[in-house]
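Participant: Attaching a single structure in structure tokens format; questions to follow.
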């Protein structure tokens with residue numbers, strides 16, 4: 001069942017305060033978090049989070065189209081290191 | 001067959017056959033599975049065999065392709081498990097700031113002062129942008145976002161990359177933000 005709208009999105013309190021502190025400081029440090037269940041809010045856009053996957057922190061640079069999703073969606077807990085093939089990446 | 005020269009990139013593997021007519025089931029490592037046949041003839045690692053393949057269809061189990069010169073299942077059986085490679089020079093040119101993962105993996109990583117940090121272990125993308133994984137000489141691994149701010153310079157000819165702002169990704173930078181395990 002979906003979460004009731006009146007409750008608003010769930011975000012860990014500490015994570016919210018850390019994000020605010022990072023934004024106010026203007027340093028754009030990586031904010032380490034274990035709270036994979038927290039929802040990505042619009043005020044997180046542009047910040048980089050290190051989301052723990054049970055073993056290490058995966059850097060997650062929040063963009064607009066990630067708002068509404070949970071942090072855990074971008075930090076998989078199971079990982080198969082496949083071949084590189086013709087895959088390419090863009091340095092943003 | 002002689003070597004094509006230069007670096008080779010693994011694009012797939014022959015995993016089995018489909019039907020009795022010699023169709024091969026391939027595991028494709030390309031971004032789009034059907035592209036395994038888009039880069040011309042494929043070779044094995046020792047360049048003993050050369051395969052001209054045409055993709056018939058792709059499914060959940062992999063790509064089904066016809067290999068030129070193979071018309072029966074029996075002929076194909078000896079190639080089961082064979083990795084298929086293509087010469088790196090065959091891959092198309094990329095735009096600025098675009099890089100093949102295969103070019104980046106294995107590069108040496110230095111910091112902005114020229115100090116050696118480690119090697120690029122792998123490249124990943126979990127949906128939040130490209131990520132570069134670095135392995136230090138003592139076996140520790142850490143991940144960094146593949147951005148201009150962090151990866152300041154990529155020198156493919158010298159086989160190294162330079163990373164900056166590393167301090168932001170280690171624990172020292174976190175203390176000032178009051179990091180504890182509650183968040």
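Participant: What order do you get for B:60, A:7, B:149 when you list them from fewest to most C-beta neighbours inside 10 Å? Walk me through the intermediate numbers first.
Facilitator: Details: B:60 4, A:7 7, B:149 15.
Fewest to most other Cβ atoms nearby, the residues stand as B:60, A:7, B:149.
Participant: Indicate, rounded to the nearest 5 percent, the antiparallel portion of the DSSP beta bridges found entirely in chain A.
Facilitator: In chain A, DSSP labels about 60 percent of beta bridges as antiparallel.
Participant: Return one quarter of the surface area of the convex hull spanned by the alpha-carbon atoms of the protein assembly as shown, equal to its mean projected area, in nm².
Facilitator: 18.4 nm²
Participant: Helix A:13-25 versus the longest principal axis of chain A: what angle, 0 to 90°, nearest 10, using Cα atoms?
Facilitator: Compared with the principal axis, the helix lies near 80 degrees.
Participant: Hey, another quick one. Need one number: nm distance between label points at residue B:156 and residue A:56, each 7 Å from Cα along Cα→Cβ, rounded to one decimal.
Facilitator: Calculated label separation equals 2.5 nm.
Participant: Among B:41, B:33, B:137, which one shows the highest mean-square fluctuation when chain B is modelled as a Gaussian network with alpha-carbon springs under 10 Å?
Facilitator: With Cα springs under 10 Å in chain B, the top fluctuation among B:41, B:33, B:137 is at B:137.
Participant: What order do you get for B:116, A:71 when you list them from fewest to most C-beta neighbours inside 10 Å?
Facilitator: Placing the least packed residue first, the sequence is B:116, A:71.
Participant: For the protein assembly as shown, what proportion of DSSP beta bridges, expressed in % and rounded to the nearest 5, is antiparallel?
Facilitator: The antiparallel fraction comes to roughly 85 percent.
Participant: What shape does the stretch B:22-106 have by the C-alpha gyration tensor, where a ≥ b ≥ c are the square roots of the eigenvalues, rounded means a/c under 1.5, and otherwise prolate means a/b greater than b/c and oblate the rest?
Facilitator: Prolate.
Participant: Among DSSP bridges having both ends in chain B, what percentage is antiparallel? Round to the nearest 5.
Facilitator: 90 percent
Participant: Going 7 Å from the Cα of residue A:78 along its beta-carbon direction, which residues of the stretch B:59-78 have the amide nitrogen within less than 20 Å of the resulting point?
Facilitator: B:60-62
Participant: In Å and from the alpha-carbon atoms only, list the Rg and Dmax of the stretch B:48-155.
Facilitator: 19.4, 60
Participant: While we're looking at this one, here's another question. On a C-alpha basis, how far is the centre of the stretch B:1-56 from the centre of the stretch B:134-162 in Å? Whole number, if you could?
Facilitator: After rounding, the separation between the Cα centres reads 31 Å.
Participant: Taking the Cα-to-Cβ direction at residue B:68 and at residue B:56 and moving 7 Å from each Cα, how far apart do the two end points lie in nm?
Facilitator: A separation of 1.8 nm, rounded to one decimal place.
Participant: Taking only C-alpha pairs under 8 Å that are 6+ residues apart, what is the relative contact order of chain A in percent?
Facilitator: Once divided by the residue count of chain A, the mean separation gives 22 percent.
Participant: Efficiency by 1/(1 + (r/R0)^6): what FRET value for residue B:38 and residue B:105, r their Cβ-Cβ distance, R0 = 30 Å, to the nearest 0.05?
Facilitator: Between residue B:38 and residue B:105 the formula returns 0.90.
Participant: Sticking to Cα atoms, compute the Rg of chain A to one decimal and its Dmax as the biggest Cα-Cα distance, whole number, in Å.
Facilitator: Calculated on Cα positions, Rg and Dmax stand at 14.6, 47 Å.
Participant: Listing B:108, B:144 from the residue with the fewest other Cβ atoms within 10 Å to the one with the most, what is the order?
Facilitator: B:108, B:144
Participant: Here's a follow-up. If you find the alpha carbon centre of the stretch A:1-44 and of the stretch B:100-131, how far apart are they in angstrom?
Facilitator: Between the Cα centre of the stretch A:1-44 and that of the stretch B:100-131, the gap is 28 Å.
Participant: Set the Förster radius R0 to 22 Å, insert the Cβ-Cβ distance between residue A:10 and residue A:43 as r into 1/(1 + (r/R0)^6), and round the FRET efficiency to 0.05.
Facilitator: 0.90
Taken together, the values in this text are just the output of simple stated rules run on the coordinates, not laboratory data. Worth saying up front: this structure is predicted, and the values here are computed from it rather than measured. Neighbour counts run over all protein chains shown; Cβ positions are idealised from the backbone, glycine included.
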